[in-house]
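Below is one structure, written out as structure tokens; the observations come after it.
The values are calculated or read from the model by the stated rules, or taken from the named source; none is laboratory data. Here the structure is a predicted model, which means the values were calculated and not measured. Glycine also receives a Cβ, built like all others from the backbone with ideal geometry; neighbour counts cover every protein chain displayed.
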Amino acid sequence: MEVAIIQIGNSKGLRLTKSILDKYNIKDKVELILEEGQIILKPVEQPRKGWEKAFQKMHENGDDQLLLNDVFEEENFDEWK
């Protein structure tokens, strides 16, 4: 697909059609990857997408309990005063 480079202030850019934005789930940002003679635009994924649902399921299954106590019995807090 050929697209025109357009003037944006003192810079230049390109426009992506709504259908491309929707198809590749591009919201506000893309990752720009420079490779041998190519420029690749990759949608920025939400790294924690779905975590809320996963944590809720863990809680329902009782899988959200600590594996170790958060304070060890032999811990000496005097040095922190």
Notebook entry, point to check: Could you count how many residues in segment 25-81 are more than 30 Å from Arg15 (Cα to Cα), of a type in the set (S, T, N, Q) and loosely packed, with under 10 Cβ neighbours inside 10 Å?
Noted result: 4
Next item on the list: With respect to Lys18, determine if the residue is surrounded by 10 or more Cβ atoms within 10 Å (Cβ to Cβ) and without any contact (Cβ under 8 Å) to a residue 60 or more places away in the chain.
Entry: no
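Is it the case that Glu45 is modelled with pLDDT under 85, out of contact with any helix residue (DSSP H, G or I) (no Cβ under 7 Å at 6 or more places or on another chain) and part of a helix (DSSP H, G or I)? Steps first, answer last, please.
Details: modelled with pLDDT under 85: yes; out of contact with any helix residue (DSSP H, G or I) (no Cβ under 7 Å at 6 or more places or on another chain): yes; part of a helix (DSSP H, G or I): no.
Judged against the criteria, Glu45 is not a match.
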Margin query: Six or more apart or on different chains, Cβ atoms under 6 Å: show the pairs whose first residue is in segment 30-49 and under 21 Å from Val3 (Cβ atoms) and whose second is outside any strand (DSSP E or B) and of a type in the set (D, E, K, R).
Written below: Val44/Lys29
